[in-house]
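Participant: This is the structure I have questions about; it appears just below.
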Amino acid sequence: MATFLVDLTSLDENKRDEAFQLMNDYSEMAFRVINKGKTEAAQIVWTSPEDFESSPVFPKGCQCTRISD
């Protein structure tokens, strides 16, 4: 199972929660990274055989780093 860190700061603040919720709904597990009360990133545990970054749940325009396999 792969883990990704998705930087959500390129999204409007009101869209970050929507993006997090969508990834949370389709991932094995998701953790919100909050700074000063605002969602800044998401750590996603992805178990689907589908590629995470090309999946429909990945927020377009966001940076993503694979942090574990």
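Participant: Keeping all protein chains in position, work out how much accessible area GLU13 exposes to a 1.4 Å probe, and write it in Å² to the nearest 10.
Facilitator: 100 Å²
Participant: Now for a separate question. What's the extension gain from THR65 to ASP12 if we count 0.36 nm per residue and subtract their Cα-Cα distance?
Facilitator: Additional length available on full extension: 17.1 nm.
Participant: Out of [x] 59, 17, 11; [y] 33, 20, 19; [z] 56, 25, 19, which label holds the value of Cα extents along the principal axes in Å that was computed here?
Facilitator: After the calculation, the listed value that fits is [y].
Participant: Compute, for ASP12, the solvent-accessible surface of its heavy atoms (probe 1.4 Å) with the complete set of protein chains present, and express it in square angstrom to the nearest 10.
Facilitator: 100 Å²
Participant: Then there's this: With every protein chain in place, what's the accessible area of ARG66 (1.4 Å probe, Å², nearest 10)?
Facilitator: Estimated to the nearest 10 Å², ARG66 gives 140 Å².
Participant: Working from Cα positions, state the angle (0 to 90°, nearest 10) between the long axis of helix 13-26 and the longest principal axis of the chain.
Facilitator: Roughly 20 degrees between the two axes.
The values are calculated or read from the model by the stated rules, or taken from the named source; none is laboratory data. From a predicted model like this one, the values you see are computed outputs, not experimental measurements. These accessible areas exclude ligands, DNA and RNA; they are computed on the full protein's heavy atoms, side chains included. Shrake-Rupley method; radii C 1.70, N 1.55, O 1.52, S 1.80 Å.
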